[in-house]
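I have placed the structure first, in the form of structure tokens, so that the comments after it can refer back to it.
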Amino acid sequence: TYAREWMSHRHLNNMARRRRQLSKALGAEVVTVQRAVDGFDKAVEQFLELESKGWKGRSRTALSCRPGHDRFFREMSRGFAEQGRLMFLSMEAGSQVVAQNTALVAGEGLFGFKRAYDEEFSRWSPGSLLDLDVLDWFHRSTRLAWLDTCSAPEDGAGSRAFGDRRPLCTLAVPLSPLGNAAAALVPAGARARGYARGTRAAQLVRRRRLARRKG
């Protein structure tokens, strides 16, 4: 498979063993199904519950913890699903939902959106197992040519499954003389922010040194 190009045979065997162990612990075979059509409404509510019972719920950053965000997720997911542009993969064992991953289709691209897993089963890495299933789903979708996890390079989530990297940059294109002046200020503004951060850091260091001396 695609993942074998950079993931070691040992690691893939380890993930396969974890999948078997997870199935044994749950008493049913672990399967990943596309819920963008069948069982969609129930899957959306399961996702909101799954996310809120994990670390995002504890940090109050889950969709259901923010006013209106759960409604946005429901409406956005349904809109994309009706257009055939939603990937909603749910890893389940019987009636137990272990992990879910959503992504949005735009042209030939797949953009990662929201993912959640049941921390009760974290010892078997359900999120990482689902990442492998996302890759499999992606490569079986003939209309898709590339995917973007929409995560930072240093983000450990799924980093072993998604090995390819593409550098990105921000390009400011002026459309008028006024735009030329504004574009010229962009690098200066970036340098100023860097200088300000450096100045604040230096001030903090000096204050700590003075505090130690006074002590």
Virtual spin-label span in nm between ALA172 and ARG66, 7 Å along Cα→Cβ = 2.7
task = Amide H neighbours of THR149 under 5 Å, at least 5 residues apart or on other chains, H built in the peptide plane: list them.
result = GLY112
ask   = Relative to the present Cα-Cα distance, how much length would full extension add between GLU49 and GLU75 at 0.36 nm per residue of separation?
value = 7.7 nm
key: Most to least packed among 23-34, 135-146, 81-92 [average Cβ atoms within 10 Å]   = 81-92, 23-34, 135-146
Sequence-distant aspartates and glutamates (8 or more away, or on other chains) whose Cα lies within less than 16 Å of LYS53 = GLU45, ASP70, ASP118, GLU119, GLU120
ask   = What is the spin-label model distance, in nm, from TRP146 to ARG20 if the labels are put 7 Å beyond Cα along the C-beta direction?
value = 3.8
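Here, each number is a calculation from the coordinates, and none is a lab measurement. Nothing here was measured: the structure is a model prediction, and the numbers come from that model. Cβ coordinates were reconstructed from backbone atoms using ideal geometry, including for glycine residues, and neighbour counts include every protein chain displayed.
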